[in-house]
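Undergrad: Sharing a structure, written as structure tokens. Questions coming.
The values are calculated or read from the model by the stated rules, or taken from the named source; none is laboratory data. Keep in mind that what you see is a predicted model, and the values were worked out from it rather than measured. Here the Cβ positions follow ideal geometry from the backbone for every residue, glycine too, while neighbour counts run over all protein chains shown. The protein model used for the area step is the full one, side chains on, heavy atoms only, and it has no ligands, DNA or RNA in it. Shrake-Rupley method; radii C 1.70, N 1.55, O 1.52, S 1.80 Å.
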Amino acid sequence: MQKRSDLLKTVGSISGATLESRVLGLVREQVQAYFFGAGMVTDAYITAFRIPNLMRDLFAEGALSAAFVPTFIQEKERHGRAAAWRLANHLFGALLLILGLITAAIFLFAPGIIRVYAFGFEGEKFELAVTMTRIVSPFLLMVALAAVAMGMLNACGRFFLPALAPAFFNVASISGVIVLIPVFRAAGMNPGLSLATGAILGGFLQFVVQGPALRSEGFRFRPVLALSDPGVRRVFRLMIPATFGLAATQISIFFDTAMASAQGDGAQSWLAYGFRLMQLPLGLFGVAIATANLARVSEDVARDDRPALAGSLASSLRAAAILTLPATAGLIALRVPIIRVIFEHGRFTAESTLETAAAVLCYSLGLYAYSVTKIQAPTFYALGTPRVPVIASAIAVAVKVVASLILLQLFPRWGFSAFLALAFTTSLAAWVNFAVLSAGLRRAVGSFAGRAVVSSTFKMAGLSAFMGLGVHYLHRALERSLGGGGFGGELGRLLLAVAAGGLITLIGVRALKIPEADRLLSRFGRRNGSS
């Protein structure tokens, strides 16, 4: 019982820090949309940044954490902190060598990479994408180092600062655009280069800000190249299948970028803005639960406590339903006013709002599946059995590619923009991945019968659908009764609808009596009572 309570406490800590980071991320996107809209510059930047960012998602929230955290915890539990610090320094040394070489390769071969990755880019757009790719090429190395630091702090029971670290990336990116646009203009260079420059400064800060906390735990950053170290070899051995096992979404994004590059100016940006909004609840809840769950199940496996492992997973899955499903329904119901309030300023037009809203709808259909797979896949790596995630990922990617090639032709005939097929099939692939992982998890851990996972999920799905319909029609009624009112009026209507959705959800989860919901509400009540 204590461990499940700790899960919500940890998720709350991570979600609080992540909320700050995600809000700053939306501000960053607002600044980007205001100055550059949805067109050539943003398409070029999104494409360039996705090359190292693809690896970032795999490392920071995926394969590296999934492989390193269980290994680090096992080393700490069995041999003490000194041995764990030594493993970390050996891993830092290996990453500096390997990713330094990859960074150099990205810089040198940027033109060829862009020709393959964004085959639809030509002329000035192609040249801009190449230059931006070279500027952001070290980002992969920096964020991988930050991921190791994050894993070490998580293993030491410190979750808030690692979750907050991406906020510093956003601050640097925002500052870079505002400060550097006039500098690049004065130098006769494309002001869009400020986007790439701010991003690389942010990647550096994301690693550095975690240093003082690690030092307070007793760690000293002294990288050593020791590729033969058993712990390092175990991390890399787990990372190889983990990369494939967690790669379904990232390979989908890579494929989407290539296909969208042939859809004209704006398609890349609409997909990126839509995916960013979908990632807000995913980052707040899905990643937070997955991060807390990985540390807990790694401890359960290290102690060979299978009943505790099943209990930890069940608690995480119930928490995912409680937090993710209402967020999904609210995002779908209010997607248009949300985008108007956040993005429709400066060079971002009403047409871009509608296209981005359509992408949000398609991506949100898979939000719950994204969240749960972030819990499921790393569990297999903690167990040392990565085969199932590899199979699940391969099947999901195959479905994604085949379905995309078919629907890119069919969507225009059905009256939809072709690029929306890419967002829709990303959600389809997430559900395929979820289904295969669920079957494998039942075999690996045992049945969750009696742990209220399925019943809690269906209860929350019904409540979320009811809430989503309610806030959708409430917002429409407010539009008719209150009229226009510009930004302030739109924001006011949106806040009223969000507040109503929150109230419906709170009343509903109390009535449904889901274990994590009761504990979450009791913690909320205690916090309010002490304030």
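Undergrad: I need every pair where a residue in region 303-328 that is under 16 Å from Ile504 (Cα atoms) and assigned to a helix (DSSP H, G or I) has its Cβ under 7 Å from the Cβ of a residue that is open to solvent by 10 Å² or more (accessible area, probe 1.4 Å) and small (Gly, Ala, Ser), sequence separation at least 6 or different chains.
TA: Listed by first residue and then by second, the contacts come to Leu325/Ala461.
Undergrad: Could you count how many residues in region 158-178 are within 20 Å of the chain's Cα centre (by Cα), in a helix (DSSP H, G or I) and buried (at least 22 other Cβ atoms within 10 Å of the Cβ)?
TA: Matching residues across region 158-178 total 9.
Undergrad: Go through (1) surrounded by 21 or more Cβ atoms within 10 Å (Cβ to Cβ); (2) modelled with pLDDT of 90 or more and name the single condition Pro70 misses.
TA: Status for Pro70: all satisfied but (2).
Undergrad: Restricting attention to region 179-222, and to residues there that are among the charged types (D, E, K, R) and not in a helix (DSSP H, G or I), which single residue is surrounded by the most Cβ atoms within 10 Å (Cβ to Cβ)?
TA: Just the residues of region 179-222 that are among the charged types (D, E, K, R), to begin with: 185, 215, 217, 220, 222.
Of the ones still in play, those that are also not in a helix (DSSP H, G or I) are 217, 220, 222.
On the way: Glu217: 15, Arg220: 9, Arg222: 11.
Applying the filter and picking the extreme gives Glu217.
Undergrad: Report, ordered by the first and then the second residue, all pairs with beta carbons closer than 9 Å, sequence separation of six or more or different chains, a first member in region 25-38 that is at positive phi, and a second member that is open to solvent by less than 20 Å² (accessible area, probe 1.4 Å) and in a helix (DSSP H, G or I).
TA: Listed by first residue and then by second, the contacts come to Gly37/Ser269; Gly37/Ser352.
Undergrad: Something else: Find the residue count for region 329-342, including only residues that are within 20 Å of the chain's Cα centre (by Cα), touching a residue at least 60 places away in the same chain (Cβ under 8 Å) and open to solvent by 10 Å² or more (accessible area, probe 1.4 Å).
TA: So the first thing to find is which residues in region 329-342 are within 20 Å of the chain's Cα centre (by Cα), and the list is 329-332, 335, 338-339, 342.
Next, only the ones that are touching a residue at least 60 places away in the same chain (Cβ under 8 Å) stay: 329-330, 332, 338-339, 342.
Then keep just the ones that are open to solvent by 10 Å² or more (accessible area, probe 1.4 Å); that gives 329-330, 332, 338, 342.
Qualifying residue count, region 329-342: 5.
Undergrad: Name the residues in region 223-244 that are assigned to a helix (DSSP H, G or I), open to solvent by 30 Å² or more (accessible area, probe 1.4 Å) and of a type outside the set (S, T, N, Q), would you? Please lay out each step first, then the result.
TA: Kept after step one, since they are assigned to a helix (DSSP H, G or I), are these residues of region 223-244: 230-244.
Add one more test, that the residue is open to solvent by 30 Å² or more (accessible area, probe 1.4 Å), and what stays is 230, 233-234, 236-237, 240, 243-244.
The answer is Pro230, Arg233, Arg234, Phe236, Arg237, Ile240, Phe244.
Undergrad: Can you tell me which condition Asn433 does not meet? The list is (1) part of a helix (DSSP H, G or I); (2) open to solvent by 60 Å² or more (accessible area, probe 1.4 Å); (3) more than 22 Å from Ser269 (Cβ to Cβ), and all the others hold.
TA: Going through (1) part of a helix (DSSP H, G or I); (2) open to solvent by 60 Å² or more (accessible area, probe 1.4 Å); (3) more than 22 Å from Ser269 (Cβ to Cβ) one by one, Asn433 breaks only (2).
Undergrad: Quick one: which residue in Ala242, Ala267 is at pLDDT below 85, of a type in the set (A, V, I, L, M) and within 30 Å of Arg115 (Cα to Cα)?
TA: On the way: Ala267 fails: at pLDDT below 85.
Matching residue, one of Ala242, Ala267: Ala242.
Undergrad: Right, another one. Return the residues of region 437-454 that are part of a helix (DSSP H, G or I) and either closer than 19 Å to Ala327 by Cα or open to solvent by less than 40 Å² (accessible area, probe 1.4 Å) (or both); say none if nothing qualifies. Spell out how you get there, then give the answer.
TA: So the first thing to find is which residues in region 437-454 are part of a helix (DSSP H, G or I), and the list is 437-445, 453-454.
Correct list: Leu437, Ser438, Ala439, Gly440, Leu441, Ala444, Val445, Val453, Val454.
Undergrad: Quick check on my filter: what residues within region 492-514 are open to solvent by less than 60 Å² (accessible area, probe 1.4 Å) and part of a helix (DSSP H, G or I)?
TA: Our first condition is that a residue be open to solvent by less than 60 Å² (accessible area, probe 1.4 Å); within region 492-514, this holds for 492-494, 497, 500-502, 504-505, 508-509, 512, 514.
Within region 492-514, Gly492, Arg493, Leu494, Ala497, Ala500, Gly501, Gly502, Ile504, Thr505, Gly508, Val509, Leu512 qualify.
Undergrad: Working only within region 57-67, note down all residues that are part of a helix (DSSP H, G or I), at pLDDT below 65 and of a type outside the set (Gly, Ala, Ser). If you could, list the steps in order and put the result at the bottom.
TA: Our first condition is that a residue be part of a helix (DSSP H, G or I); within region 57-67, this holds for 57-60, 63-67.
Right, trim to at pLDDT below 65 and you get 57-60.
Within region 57-67, Asp57, Leu58, Phe59 meet the criteria.
Undergrad: Another question, if that's okay. Condition test on Ser464, is it at pLDDT 95 or above, surrounded by 14 or more Cβ atoms within 10 Å (Cβ to Cβ) and touching a helix residue (DSSP H, G or I) at 6+ places or on another chain (Cβ under 8 Å)? Steps first, answer last, please.
TA: Working: at pLDDT 95 or above: yes; surrounded by 14 or more Cβ atoms within 10 Å (Cβ to Cβ): yes; touching a helix residue (DSSP H, G or I) at 6+ places or on another chain (Cβ under 8 Å): yes.
Yes.
Undergrad: Working only within region 1-56, note down all residues that are modelled with pLDDT of 65 or more, open to solvent by less than 30 Å² (accessible area, probe 1.4 Å), in contact with a Lys or Arg (Cβ under 6 Å, 6 or more places away or on another chain) and part of a helix (DSSP H, G or I).
TA: Result: Glu29, Ala44.
Undergrad: Follow-up. Please enumerate the residues belonging to region 481-504 that are out of contact with any Phe, Trp or Tyr (no Cβ under 8 Å at 6 or more places or on another chain), more than 16 Å from Ile338 (Cα to Cα) and at pLDDT 85 or above. Break it down into steps so the answer makes sense when it comes.
TA: Of region 481-504, the ones out of contact with any Phe, Trp or Tyr (no Cβ under 8 Å at 6 or more places or on another chain) are 481-503.
Checking which are more than 16 Å from Ile338 (Cα to Cα) leaves us with 481-483, 503.
Matches in region 481-504: Leu503 only.
Undergrad: Starting from region 200-212, keep only residues that are within 13 Å of Leu153 (Cα to Cα), then list their pairs with residues that are of a type in the set (Gly, Ala, Ser) and part of a helix (DSSP H, G or I) whose Cβ atoms are within a distance under 6 Å, requiring at least 6 positions of separation or different chains.
TA: These pairs meet every condition: Phe207/Ala146; Val209/Ala165; Gln210/Ala149; Gln210/Ala165.
Undergrad: Additional query: I'm checking my understanding of the structure. Among residues of region 76-132 that are more than 27 Å from Ser298 (Cα to Cα), without any contact (Cβ under 8 Å) to a residue 12 or more places away in the chain and not in a helix (DSSP H, G or I), which one is nearest to the chain's Cα centre (by Cα)?
TA: Phe109
Undergrad: Give Ala394, Ala377, Ala358 a once-over and let me know the one that is open to solvent by less than 20 Å² (accessible area, probe 1.4 Å) and either over 17 Å from the mean Cα position of the chain (by Cα) or of a type in the set (Gly, Ala, Ser) (or both). Please lay out each step first, then the result.
TA: On the way: Ala394 fails: open to solvent by less than 20 Å² (accessible area, probe 1.4 Å); Ala358 fails: open to solvent by less than 20 Å² (accessible area, probe 1.4 Å).
None of the others qualify; the one that does is Ala377.
Undergrad: Go through the residues of region 116-129 one by one and say whether even a single one is surrounded by 24 or more Cβ atoms within 10 Å (Cβ to Cβ), more than 26 Å from Val23 (Cα to Cα) and modelled with pLDDT of 90 or more. It would help to see each step written out before you state the result.
TA: First, the residues of region 116-129 that are surrounded by 24 or more Cβ atoms within 10 Å (Cβ to Cβ): 118, 129.
Still in the list and also more than 26 Å from Val23 (Cα to Cα): 118, 129.
Now restrict to residues that are modelled with pLDDT of 90 or more: 129.
Yes, region 116-129 contains a residue that is surrounded by 24 or more Cβ atoms within 10 Å (Cβ to Cβ), more than 26 Å from Val23 (Cα to Cα) and modelled with pLDDT of 90 or more.
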